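The values are calculated or read from the model by the stated rules, or taken from the named source; none is laboratory data. What you are looking at is a predicted structure, and each value in this text was computed from that prediction instead of being measured. Cβ placement follows ideal geometry from the backbone for every residue including glycine, while neighbour counts extend to all protein chains displayed. Note: accessible area is taken over every heavy atom of the protein model, side chains too, but ligands, DNA and RNA are not part of it. Shrake-Rupley method; radii C 1.70, N 1.55, O 1.52, S 1.80 Å.
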Amino acid sequence: MQATFYQTVGIVGTGAMGRGIAQIAAQAGSTVKLMDAQAGAAAKAREALCSQWDRMREKGRIGADIADAHKARVQVADTLDDLSSCDLVIEAIVERLDAKKALFAQLEAIVPERTVLASNTSSLSITAIAAGLTHPGRFAGYHFFNPVPLMKVVEVIAGLKTSTDTCQGLSEYACQTGHTPVHAQDTPGFIVNHAGRGYGTEALRIVSEGIADFATIDRILRDQAGFKLGPFELMDLTALDVSHPVMESIYHQYYEEDRYRPSVITAQRLAGGLLGRKTGEGFYRYDGGMAQIPAEAPVPDVAEMPPVWVSPRAARRSELLQLLKNLGAHIETGPSPSPQALTLVAPLGFDITTVAVVERLDPARTVGIDMLIDDAATKRRVLATNPATRSDMRDAAHALFARDGKAVSVIRDSGGFVTQRVVATIVNIASDICQQGICSPKDLETAVTLGLGYPMGPLAMGDRYGPTNVLEVLFNLQTVYGDQRYRPSPWLRRRGAIGLSLMHEEH
């Protein structure tokens, strides 16, 4: 076995996060000293870890000798003084700046100068925590994700005075624990919590505009864009008493930056105690731990299908026409639709109303379809009406696009439908993280893929759907909503304009 970079590791704070870090440290071969200010908490944490290794042994995942070795490496520290021999001390206590500063001031008086000090903070400034230390060069952020043994990414964060050697050592140790280190500058939310701002907040904006309900938005983002969990399923899982304060914290730390604006919807639900799974009700109601999800609207029964005319400005027009042929539609090919025709538009970023007005189409017969993503790559088609769309035209479009059995969602008018605006927001925020130099594009992709479970990294997402398309969506969203939230990052705007990959770094 490779020599462990830190032979003895102290863990202060023995909640779920502290226990998780202790588990991977012991499994990597370090002697672990658990310390908690609450009497008996460290001993209970050790018992919980030993029980976990016993269960792993019973299931045949590890041998008895390995389980015994892991247990032998975990010790209980009664006081901070017992951590004086540690090579590394990781703090995982309450998220309060005053408490963390006080703890590290105490530790600095106890441990030798060679000892590395690290905070597992998810939201506080590393520079601010280190401000009172005599040796701030040996202090860094070391942000793991819960559950630590399963979430294989750790953010290594340098404060303004953190030494390169400190970050290098922490990175090497992360690799020894089986984790992937990513390097971040000391900015609000670091990488993962910063990059994750777009998914939930944009979905909440869509709901607040009355475009679709929670379940419909979740279905669209799972089936059309490939996310493992919809944003409202995800917020129910993490719980609003965790996710809403993070939304507010990052928004305020960035001095009310529009891209991170929280929602009154989550503020109200948090106040009302609708936190998610753990309280039995959030965006969904839970019965026996199972979400009670409303059924989808059935496919309408349409006796006579009208002819279909497709706007010459439609995105992926040739693909859309081929799809309509495959579905058996009668397609009109004239320069304008006949008075009977269902009129199809496929905008990027614009709403259906704007397109109908600009293209001088009859809004009563106009329906939009989201063609950002290749239809063959999706499990769901998304249609949008405008306030004047007749119900017979809406039903005809729904029935037509459901003919081959693929799921169809019909939403109200929205600039960028659902997927376009959520994907564009995610890609734009990620691009700006790179623009600010918070981390490298490679570390960003790794952090988001491992930390958030997205189907691909946000820059890869932008490359797949086309930086120029994402840019068009954002420009048009800004026109529709007049909101600075959608202004494109210079990173995205420049690469999109000249056809470069969003992963491309300047030399």
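Would you mind finding the one in Ala203, Ala184, Ala225, Ala195 that is in contact with a helix residue (DSSP H, G or I) (Cβ under 6 Å, 6 or more places away or on another chain), within 20 Å of Gly159 (Cα to Cα) and in contact (Cβ under 8 Å) with a residue 60 or more places away in the chain?
Sole residue among the options that is in contact with a helix residue (DSSP H, G or I) (Cβ under 6 Å, 6 or more places away or on another chain), within 20 Å of Gly159 (Cα to Cα) and in contact (Cβ under 8 Å) with a residue 60 or more places away in the chain: Ala195.
Those residues that are hydrophobic (A, V, I, L, M, F, W, C) and either open to solvent by 10 Å² or more (accessible area, probe 1.4 Å) or more than 14 Å from Ile369 (Cα to Cα) (or both), I need them from segment 417-437; list them, please.
Val422, Val423, Ala424, Ile426, Val427, Ile429, Ala430, Ile433, Cys434, listed by residue number.
When segment 247-284 is examined, which residues are found to be outside any loop (DSSP other than H, G, I, E, B) and either of a type in the set (Val, Ile, Thr) or within 30 Å of Ala399 (Cα to Cα) (or both)?
Ile250, Val264, Ile265, Thr266, Thr279
Does at least one position in segment 375-398 carry a residue that is over 25 Å from Asp213 (Cβ atoms) and of a type outside the set (A, V, I, L, M, F, W, C)?
no
Which of the numbered conditions does Pro136 fail, given that it passes all the others? Conditions: (1) of a type outside the set (A, V, I, L, M, F, W, C); (2) open to solvent by less than 10 Å² (accessible area, probe 1.4 Å); (3) in contact with a helix residue (DSSP H, G or I) (Cβ under 6 Å, 6 or more places away or on another chain); (4) within 21 Å of Leu107 (Cβ to Cβ).
(2)
Taking the residues in segment 370-381 that are open to solvent by less than 20 Å² (accessible area, probe 1.4 Å) and either part of a loop (DSSP other than H, G, I, E, B) or hydroxyl-bearing (Ser, Thr, Tyr) (or both) as candidates, determine which candidate is nearest to Arg412 (Cα to Cα).
Asp370
Being aliphatic (A, V, I, L, M) and under 20 Å from the mean Cα position of the chain (by Cα) is the filter; apply it to segment 460-472 and report the residue that is nearest to Pro347 (Cα to Cα).
Step by step, filter segment 460-472, then rank; the result is Val470.
Can you confirm whether segment 438-447 contains a residue that is hydroxyl-bearing (Ser, Thr, Tyr) and closer than 17 Å to Asp370 by Cβ?
Looking through segment 438-447, none of the residues is hydroxyl-bearing (Ser, Thr, Tyr) and closer than 17 Å to Asp370 by Cβ.
Looking only at residues that are hydrophobic (A, V, I, L, M, F, W, C) and open to solvent by less than 40 Å² (accessible area, probe 1.4 Å) in segment 1-16, which one is farthest from Ala67 (Cα to Cα)?
Among them, the one singled out is Val12.
Quick one: Leu452 ticks every box in (1) open to solvent by 10 Å² or more (accessible area, probe 1.4 Å); (2) modelled with pLDDT of 95 or more bar one, so which box is it?
(2)
Within segment 382-416, how many residues turn out to be open to solvent by less than 30 Å² (accessible area, probe 1.4 Å), of a type outside the set (Gly, Ala, Ser) and in contact (Cβ under 8 Å) with a residue 60 or more places away in the chain?
Count: 7.
Between a residue in segment 135-156 that is closer than 21 Å to Asp87 by Cβ and at pLDDT 95 or above and any residue that is open to solvent by 30 Å² or more (accessible area, probe 1.4 Å) and not in a loop (DSSP other than H, G, I, E, B), which pairs come within a Cβ distance under 6 Å, given they are 6 or more apart or on different chains?
Val156/His183
Any residue that is under 25 Å from Cys86 (Cβ atoms), open to solvent by less than 30 Å² (accessible area, probe 1.4 Å) and touching a Ser or Thr at 6+ places or on another chain (Cβ under 9 Å) - is there at least one of those in segment 213-222?
no
Quick check on this structure: which one of Leu321, Leu348 is more than 28 Å from the chain's Cα centre (by Cα) and either surrounded by fewer than 19 Cβ atoms within 10 Å (Cβ to Cβ) or touching a residue at least 12 places away in the same chain (Cβ under 8 Å) (or both)?
Going through Leu321, Leu348 in turn, the sole match is Leu321.
Suppose we keep only residues that are open to solvent by less than 20 Å² (accessible area, probe 1.4 Å) and out of contact with any Pro (no Cβ under 6 Å at 6 or more places or on another chain) within segment 455-464. Which one would you say is farthest from Met371 (Cα to Cα)?
Looking at the filtered set, the residue picked out is Gly457.
Note down all Cβ pairs under 7 Å where the first residue falls in segment 40-55 and is over 14 Å from Ala72 (Cα atoms), the second is modelled with pLDDT of 95 or more and exposed (fewer than 14 other Cβ atoms within 10 Å of the Cβ), and they're at least six residues apart or on different chains.
Pairs found: none.
Answer yes if at least one residue in segment 472-492 is free of Cβ contacts under 8 Å to residues at least 12 places away in the same chain, surrounded by fewer than 24 Cβ atoms within 10 Å (Cβ to Cβ) and part of a helix (DSSP H, G or I), and no otherwise.
Looking through segment 472-492, at least one residue is free of Cβ contacts under 8 Å to residues at least 12 places away in the same chain, surrounded by fewer than 24 Cβ atoms within 10 Å (Cβ to Cβ) and part of a helix (DSSP H, G or I).
May I ask you to list the residues in segment 17-40 that are assigned to a helix (DSSP H, G or I), open to solvent by less than 20 Å² (accessible area, probe 1.4 Å) and either touching a strand residue (DSSP E or B) at 6+ places or on another chain (Cβ under 7 Å) or farther than 18 Å from Glu172 by Cβ (or both)?
Gly18, Gly20, Ile21, Ala22, Gln23, Ala25, Ala26
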